[in-house]
Amino acid sequence: TNTSKKITMARIGALSILLSAPWLCQGFVPADFAGLPQAAPALKSSLSDVGDDVSTAATTDQESAHVSEADEERARQKKILLGYLNPEPVLDPVLADPITKEPIVVDTKTGTYFGSFNDRAARSTKYEMKSSGSNDVYKGDSRSFFNLLEPVAEKDEEADRAANARDFIARNLTPLVPPPLRSVLATAGVALGEDYVPMRDLFTSPAVSYAYERGWRDNFRTAGFPGEDEEARMAMEYFAPSMSRSVDTRVLVDMSCATGLFTRRFAKSENYKRVLGCDYSDSMLTEARRRIQADSSLTNLKATKLDLVRLDVGKIPMQDDSVDSLHAGAAMHCWPDLPTAASEIYRVLKPGGRYFATTFLSSYFGMLQSSDGGATGPSRQAFQYFKSTDELRDLMISGGFSPDKVNVEVLQPACVVIRCEK
């Protein structure tokens, strides 16, 4: 009908405008189609030809049988491009429901899902995520992160306001209270809240997120940490064999990524098809996104898809055998449930997948433990205290790794480097 023809021609017109502006295409189309802006003239011509076809009468069966390969290719390109304007829900190849571990379907409300998002394309791209085996719905935003820690739920407004006030105190103010006073308050049941766990929630404070790359992490050098560039190099070198076995996927997870210190380095290397920066703290992920958006080399990645995910390492929302390599820099001492985390890491790695982590020996935390008034146990202490490399080795073996695939070394005086292969 004339109406349908007008609609089709309008869509073709919109696509022609899109293709004529490379800044619109960059970050808007998938990495696999990063060359589309350069092919704009040819594609616009193809779309024009297809538009002319729409206004003509239907071809006969005999004519249809002689459609040239060029016509088929033009039709294929048109279908792909129209799909970008009207994206269909996508089954994510890695992410999953954190409880059922079933793959999630990502319903993109605006923009497109696969690809690197620059500042322009990221402004209004929002997602809803759900697995077939659960009623829980999760949300995400290309300007922040996928929240796979907390499902969307309808709450009583008054109760929600009260809960938010308590959460603000527990997660943002409590980490700034001096440790001795914090222990007293916790024992008395004041201010901390029932769910406050220091080693899990310390880094949820915006003040800590702000300070993390502004001097906080520099102190790690005194424990023997090699520095961000060197640690990233060591990790990527160790990951190379596992990545070579997965040429088509090459998925790297940066667990407890904080402000994206290593996430950015991994993504910039463009050695990976997909980099997932993951953390429990929404304030850390917000700071990570801010730093990513401020770096033009990250907002226009051609070969790597970069996502940020909020999650709990004890309930990793990823499918079994879906990750090629997993990095955890200066993180394990902040995980409350280490045995569960080790098992989850083993579960999500592919056979042959590799885990690289750094953490501290307890000697580094001696003074901190003393300042906590001798408090122990995940519910009150700020960090896990690893007394020996054997303790960490046994932890990874109990998680599922074979003894001959676990290597633990110390960079003096107190930095531990862990390498495991599934």
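Observations on the model:
- So Arg289, is it charged (D, E, K, R) and either at pLDDT below 95 or open to solvent by less than 10 Å² (accessible area, probe 1.4 Å) (or both): no
- Every residue from segment 385-412 that is outside any strand (DSSP E or B) and open to solvent by less than 30 Å² (accessible area, probe 1.4 Å): Leu392, Leu395, Met396, Gly399, Phe401
- Close contacts from segment 309-327, counting a first residue that is in contact (Cβ under 8 Å) with a residue 24 or more places away in the chain and a second that is polar (S, T, N, Q) and open to solvent by 10 Å² or more (accessible area, probe 1.4 Å), with Cβ to Cβ under 6 Å and a gap of 6+ residues or different chains, come to Arg310/Asn147; Gly314/Thr340; Asp324/Ser246.
- Subset tally (residues that are open to solvent by 10 Å² or more (accessible area, probe 1.4 Å) and assigned to a loop (DSSP other than H, G, I, E, B)) for segment 302-318: 3
- Test: residue in segment 249-259 that is modelled with pLDDT under 95 and surrounded by fewer than 16 Cβ atoms within 10 Å (Cβ to Cβ): no
- Among (1) free of Cβ contacts under 8 Å to residues at least 60 places away in the same chain; (2) part of a strand (DSSP E or B); (3) surrounded by fewer than 24 Cβ atoms within 10 Å (Cβ to Cβ) - the single one Ala341 does not satisfy: (2)
- Test: Met236 is at pLDDT 55 or above and in a helix (DSSP H, G or I): yes
- Segment 104-136, subset modelled with pLDDT of 80 or more and open to solvent by less than 40 Å² (accessible area, probe 1.4 Å), residue farthest from Ile292 (Cα to Cα): Ser134
- Among the residues of segment 239-261, those identified as in a loop (DSSP other than H, G, I, E, B), more than 25 Å from Trp216 (Cα to Cα) and of a type outside the set (Gly, Ala, Ser) are Arg245, Val247, Asp248, Thr249, Arg250.
- Test: residue in segment 216-228 that is in a strand (DSSP E or B) and modelled with pLDDT of 95 or more: no
- Filtering segment 347-363 for residues that are among the hydrophobic types (A, V, I, L, M, F, W, C) and closer than 21 Å to Phe145 by Cα leaves a non-empty set.
- Breaking point among (1) without any contact (Cβ under 8 Å) to a residue 40 or more places away in the chain; (2) under 14 Å from the mean Cα position of the chain (by Cα), for Ala294: (2)
- Tally of residues being under 29 Å from Asn219 (Cβ atoms), open to solvent by 40 Å² or more (accessible area, probe 1.4 Å) and under 26 Å from the mean Cα position of the chain (by Cα) across segment 413-422: 1
- Residue list for segment 317-362, restricted to those being within 25 Å of Val106 (Cα to Cα) and among the small types (Gly, Ala, Ser): Ser322, Ser325
The values are calculated or read from the model by the stated rules, or taken from the named source; none is laboratory data. Everything numeric in this text was worked out from a predicted model, so none of it was measured. Glycine also receives a Cβ, built like all others from the backbone with ideal geometry; neighbour counts cover every protein chain displayed. With ligands, DNA and RNA removed, areas are computed over all heavy atoms of the protein, side chains included. Shrake-Rupley method; radii C 1.70, N 1.55, O 1.52, S 1.80 Å.
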